[in-house]
Amino acid sequence: MSLTPENYPKDYRAGFTSFVGRPNAGKSTLTNALVGQKVAITSSKPQTTRHTIRGIVHRPEHQLVIVDTPGLHRPRTLLGQRLNDLVAETLGEVDAVGFCLPANEKIGPGDKFIAQKLGGLPPRTPIVALVTKTDLVTPAQLAEQLLAVSQLGDELLAPKGFAAVVPVSAKDGYQVEEVIGVLAKLMPQSPPLYPDGELTDEPEMKMISELIREAALEGVRDELPHSLAVVVEEIIPREDRPADNPMVDIHVNVFVERPSQKSIIIGKGGSRLRDVGTRARKEIEALLGTKVYLDLHVKVAKEWQRDPKQLGRLGF
Ligand SMILES: Nc1nc2c(ncn2[C@@H]2O[C@H](COP(=O)(O)OP(=O)(O)OP(=O)(O)O)[C@@H](O)[C@H]2O)c(=O)[nH]1
Ligand SMILES: [Mg+2]
C-alpha cells in the first residue's frame, strides 16, 4: 500500500535539509546520489547550480527533502550576489543543513566564510558536515580531513560544533545510505511532505534548459561557463505523428555575453553546437519519454550577469 498523508507510521519523520558549500564541493552530485536519480545537473565548472533544487528521498520510515543550492563564494557579479542571497534565504527555512566539504581539498578561507555564516543561524538548526569525494583520498588523508573539519566546527560553530561529521562518496556510493539516516534523525515528526515516488518539483521546462546547459558546459573554460544561460522558449508537439511514436519540437535560446563566445559555442561549421544538441537531446528524450527535435539558437546578451534587467528576464 502506498504512503499517503493519512496513512503513515506514527514515528514517521519528514523535513528539509539544505546542502551548502563552496562551488564544486559535490553538493549536486550528492543530491542526485541520495535521490537515486539525476535531479540536478553537475559539472567540474564552479557555479554550475544557479537556483535551489529540491530532491526528495523516500524511505519507509522517513522522507528527506534535499534543497541543493548554488555554491557560496565571494561574489564578483550581480548574479553571484543574487545566488548568495538565495542560499542565505534558504538556510532560514530548513530543518537541518548539510555543509559539504571535499575530502581532497584543504579547508580554506571559502569554507571558513561559510562556517561563519552558518554560525549565525538560529541555534536550533543542526549542521552536519558532509566530507565528500572520499574516493579521491587515502584512508590516512581522510582521517586527517575529518579531524580538521571537526576542529572547524568547534571553532566557528561554538558551543555546539557539528551535529555529525560524515564521510561520503557520491561516486562509489560509500556511506550514501548513512547520510540519509543521519539527516533523517534530525527531521521533525511529520506526515510525508511529497507524494510517494515524486523525486523533484523542478518544472520540466527548467530541467530541459538545465540539461542543455550541462551539455554546453562540457569542454568550455575560463569565463564562458559563467556566461552561459539557457532558456527554453517553446515545446510544441509535432503534428501528424503516429500516436505510439510522438515527437516534440523544443525551441531554445542559448545566451552568451560576447560575440567571441558565440563563435566558441557554435564551433567550426557548427560542429560544437551540434555535439551539444546531440548529447542534450538524448537526456531530454529519456526525461520526456518521447522523441525530441532540439532547435538551438545562440544569442549574445551583453554582460547579462551584471545587468539587473537582463537577469530578471533570465529568471534570476
Ligand atoms: N571523484 C568524485 N568526484 C565527485 C564526487 N562528487 C562530485 N564529484 C565531482 O565534482 C565536481 C563538482 O560536482 P558538483 O556536484 O557539480 O558540485 P557542486 O557543489 O554542486 O558545484 P556548484 O553547483 O558549482 O556549487 C564534478 O566534476 C563531479 O563529478 C565524488 O563523490 N567523487
Ligand atoms: Mg551544484
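Which GluC sites (Glu not before Pro) in region 52-93 sit in a loop by DSSP (not H, G, I, E or B) and have at most 13 other Cβ atoms within 10 Å of their own Cβ?
Glu61, Glu93
Going 7 Å from the Cα of His51 along its beta-carbon direction, which residues of region 82-99 have the amide nitrogen within less than 18 Å of the resulting point?
Under 18 Å, as judged by backbone N against the label point of His51, lie 82-91 of region 82-99.
Give the residue list of trypsin sites (Lys or Arg not before Pro) in region 255-316 that are DSSP loop and have at most 10 other beta-carbon atoms within 10 angstrom.
For trypsin sites (Lys or Arg not before Pro) across region 255-316 that sit outside H, G, I, E and B with at most 10 neighbouring Cβ atoms in 10 Å, the list is empty.
Using only DSSP helix segments of four residues or longer, with each worth -39500 (n - 2.57), what per-residue ellipticity at 222 nm results for the chain after dividing by its residue count and rounding to 500?
My calculation for the chain gives -11000 deg cm²/dmol from helical runs alone.
Under 20 Å Cα to Cα from Lys302, which aspartates and glutamates show up? Leave out anything in the same chain fewer than 8 places away.
Of all the aspartates and glutamates, those that pass the test against Lys302 - Cα under 20 Å, at least 8 places apart if same chain - are Asp222, Glu223, Glu233, Glu257.
Based on the Cβ-Cβ distance from Arg274 to Lys302, what FRET efficiency comes out when R0 is 22 Å, to the nearest 0.05?
On the way: r = 26 Å, r/R0 = 1.17.
After rounding to 0.05, the efficiency reads 0.30.
Counting Lys and Arg as +1 and Asp and Glu as -1, each charge on the Cβ, what is the dipole of the chain about the Cα centre in debye, to the nearest 20?
Charge dipole of the chain: 1080 debye, to the nearest 20.
Which whole-number percent gives the relative contact order of the chain, counting Cα pairs below 8 Å spaced six or more residues apart?
Rounded, it is 18 percent for the chain.
Straight-line reach from Lys291: which lysines fall under 19 Å, measuring Cα to Cα and dropping same-chain residues less than 8 apart?
Lys206, Lys282
Using a simple spin-label model with points 7 Å from Cα along the Cα→Cβ vector, what separation in nm is obtained for Ala286 and Asp85?
3.6 nm
When the chain is treated as a GNM, springs tying every alpha-carbon pair under 10 Å, which of Met207, Met187, Met247 comes out with the largest mean-square fluctuation?
Greatest mean-square fluctuation among the candidates belongs to Met247.
Starting from region 125-229, pick out the GluC sites (Glu not before Pro) whose DSSP state is loop and whose Cβ has at most 16 other Cβ atoms within 10 Å. Please list the in-between numbers first.
Values: sites: Glu144, Glu155, Glu177, Glu178, Glu198, Glu204, Glu210, Glu214, Glu218, Glu223; in loops: Glu198, Glu218, Glu223.
Here the GluC sites (Glu not before Pro) that fit, given the DSSP loop and packing criteria, are Glu198, Glu218, Glu223.
How far apart, in nanometres, would the label points at Asp172 and Phe113 be if each is projected 7 angstrom from Cα along the Cα-to-Cβ direction?
Each label point lies 7 Å from its Cα, and together they span 3.3 nm.
Using the beta-carbon distance between Asn104 and Leu147 and R0 = 22 Å, what value does 1/(1 + (r/R0)^6) give for FRET efficiency, to the nearest 0.05?
On the way: r = 15 Å, r/R0 = 0.69.
Here the calculated transfer efficiency is 0.90.
Using 0.36 nm per residue, how much length does the chain from Arg59 to Asp244 gain when fully extended, once their Cα-Cα distance is taken away?
Answer, rounded to one decimal: 63.1 nm.
Excluding residues on the same chain fewer than 8 positions from Lys268, give the lysines whose Cα lies under 22 Å from its Cα.
Within reach: Lys299.
For the chain, modelled as a GNM with alpha-carbon contacts under 10 angstrom, which of Ile236, Ile208, Ile53 fluctuates the most?
Result for the chain, Cα springs under 10 Å: Ile236 fluctuates most.
Assuming 0.36 nm per residue, please report the length gained on full extension of the stretch Arg74 to Asp295 beyond their Cα-Cα distance.
Gain in length upon complete extension: 76.0 nm.
So, in Å, what gap is there between the alpha-carbon centers of region 219-260 and region 1-76?
That distance is 25 Å.
Calculate how steeply helix 139-156 sits against the longest principal axis of the alpha-carbon atoms of the chain, using the helix alpha-carbon long axis, and give the answer as 0 to 90 degrees to the nearest 10.
80 degrees
Taking the chain as a Gaussian network, where each spring joins two C-alpha atoms under 10 Å apart, which residue of Ala243, Ala164, Ala33 fluctuates the most?
Ala243
How high is the relative contact order of region 13-185? Use alpha-carbon pairs under 8 Å, at least six apart in sequence, and give a whole percent. Mind dumping the intermediate values first?
On the way: 339 pairs, mean separation 40.9, N = 173.
Reported relative contact order: 24 percent.
Each reported figure results from applying straightforward, stated rules to the coordinates on display, with no laboratory input. Treat the numbers as computed from the prediction; the structure is a model and nothing was measured. No Cβ is skipped: glycine too gets one built from the backbone with ideal geometry, and neighbour counts run over all protein chains shown.
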